[in-house]
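Since the structure comes first, as structure tokens, the remarks are kept for the end.
The values are calculated or read from the model by the stated rules, or taken from the named source; none is laboratory data. Owing to the predicted nature of the structure, the values given are computational and were not obtained by experimental measurement. Heads up, the Cβs are rebuilt from the backbone with ideal geometry, glycines too, and the neighbour counts pull from every protein chain shown. Accessible surface is based on the protein model in full, side chains and every heavy atom, while ligands, DNA and RNA are left aside. Shrake-Rupley method; radii C 1.70, N 1.55, O 1.52, S 1.80 Å.
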Amino acid sequence: MSQQASLYEQLGGEAAVNAAVDIFYRKVLSDGRISAFFEDVDMEKQAAKQKAFLTMAFGGPHNYSGLDMRTGHAHLVERGLNDSHVDAVIENLAATLRELGVDDALINQVAAIAESTRDDVLGR
Amino acid sequence: MVTIHYAKDNFELGEDQSVLDCLTDRGVPVPFSCRSGACQTCLMRATGGKPPEASQQGLKDSLKLQNYFLACVCHPTEDLEVALPDDDDIQAAIPATVKSLTLLNPEIMHVALECHAPIEYRAGQFINLFQDPTLGRSYSLASVPYEDDHLHLHVRRLPQGRVSGWIHEELRPGQTVEVRGPAGDCFYTSGNNEQGLVLIGTGSGLAPLYGIVRDALGQGHTGPIHLFHGSRDLDGLYLTGELHDLVRQYTNFNYVPCLSGGDVPHGFASGRAHDVAFQQIPDLKNWRLFLCGHPEMVKAARMKAFLAGASMKDIYADAFNVSQSS
């Protein structure tokens, strides 16, 4: 792998996102710690949002700002979204990548990007 | 120079500009979020011209076929006429003559309509039928365009249903009604002919499924096709003879009538249609699903199918929401 290859390229770009999105969303829905937040959502729209999130976490092209993250999750913070839920999402993200055979070093980089959104997601 | 036509306006597309930027810069309220072709918030439809393939990445096949695209990653090299998905005036109302009205069971009426102008549709899509210009309801198409001469609807009579009551009580063959459509992305697409199909419907949710099954068979689908139709009691099932005929005709087609009420005679499965389906086919990885009928059933079945391994892109659904004004 060349030095120049971005995280997104090393992971496999859009194909990797497509491979990960169903696995990740399935894990999130089956995780009793966070599944309640996904109960009354349109699954199709939610899957598209998951895809946008994964693209960002994989270091791919995105245009999300901190403000988007805040406004997008404000209604969930009102319902009690807290650090433990963010932890659960990041765990599911790492487990998804492990299932796809991704190296730990790359998984850590993805987790770090997801981690960087924590305060915005939680409105702090 | 590429021009984007939206409503009655023409906009010149700037160099390297996306259709989304072109429209939002001029004040067209296109919703958007990720601006990188992932979140699908800026979904639009080309009503003239062909959207570039790159702008359809990740969309359901049935949306691609109808020229839907993502505006944020759409960089056309030719003129495009575009609309937002909910723009009502994409289609004009077409008059249609009622050819026949036949009861399929005590509460579901088979309506055959002959349109006065040709209407291009796919089996499983829906049309809106108008009692008067302000009162219309959506009904799924059970007909197959290349097999049936007319549009076929299965109209279930709802308690206090204004349009369904009118169709059941007052409408007569020979009368003219107005229809608008078609719309909807719950239909069969060819290209993966060996994929297994599971179709689950309750009540008049059989209408789109009856069309989709015959369309898939007509287009030479070779993979297994399992249809589960559910009702509480025997009275609620219909077209059972026709469906058993199809089973005899096609070795890859299987029909399972399901009864969720107490009395279940031989030849019927006991339980709700989606429960029976998921019991019989527990692993849905690589299967394609069609879910039509009661909104609660559609919602529960979509979740179960996804958790049982079906890809979100392979789940097609049409929830029959009852209009608030009945």
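Things to note:
- 2 or more residues loosely packed, with under 15 Cβ neighbours inside 10 Å: qualifying strands (runs of 3 or more DSSP E) within the stretch B:22-123: B:94-105
- Condition check for B:GLY223: more than 15 Å from the chain's Cα centre (by Cα) and open to solvent by 10 Å² or more (accessible area, probe 1.4 Å): no
- Being of a type in the set (Ser, Thr, Tyr), in contact with a Lys or Arg (Cβ under 8 Å, 6 or more places away or on another chain) and farther than 19 Å from B:MET312 by Cβ holds for only one residue in A:SER84, A:SER6, A:SER65, and it is A:SER84.
- In summary, A:GLY59 fulfils each of the numbered conditions (1) assigned to a loop (DSSP other than H, G, I, E, B); (2) open to solvent by 60 Å² or more (accessible area, probe 1.4 Å) with the single exception of condition (2).
- Answer from A:ALA36, A:ALA52, A:ALA5 - the residue that is modelled with pLDDT under 95, under 19 Å from A:LEU106 (Cβ atoms) and either more than 12 Å from the chain's Cα centre (by Cα) or open to solvent by less than 60 Å² (accessible area, probe 1.4 Å) (or both): A:ALA5
- Some residue of the stretch A:34-52 being without any contact (Cβ under 8 Å) to a residue 24 or more places away in the chain, in contact with a His (Cβ under 9 Å, 6 or more places away or on another chain) and within 11 Å of chain B (Cβ to nearest Cβ): yes
- Residue within the stretch B:180-203 that is assigned to a helix (DSSP H, G or I), in contact (Cβ under 8 Å) with a residue 40 or more places away in the chain and open to solvent by less than 10 Å² (accessible area, probe 1.4 Å) present: no
- Flag for A:LEU97 being assigned to a loop (DSSP other than H, G, I, E, B) and surrounded by 18 or more Cβ atoms within 10 Å (Cβ to Cβ): no
- Unmet criterion (only one of (1) away from chain A (no Cβ under 13 Å); (2) under 28 Å from A:LYS45 (Cβ atoms); (3) touching a residue at least 40 places away in the same chain (Cβ under 8 Å)) for B:THR3: (2)
- Residue ID - farthest from the chain's Cα centre (by Cα), chosen from residues in the stretch B:12-43 that are within 14 Å of chain A (Cβ to nearest Cβ) and β-branched (Val, Ile, Thr): B:THR24
- Members of the stretch B:138-168 that are closer than 26 Å to B:GLY220 by Cβ and of a type in the set (A, V, I, L, M, F, W, C): B:LEU141, B:ALA142, B:VAL144, B:LEU151
- Pairs with Cβ under 7 Å, 6+ apart, first in the stretch A:11-22 and within 11 Å of chain B (Cβ to nearest Cβ), second of a type in the set (Phe, Trp, Tyr): A:VAL17/A:PHE58
- Tally of residues being touching a Gly at 6+ places or on another chain (Cβ under 9 Å) and in contact (Cβ under 8 Å) with a residue 40 or more places away in the chain across the stretch B:232-265: 2
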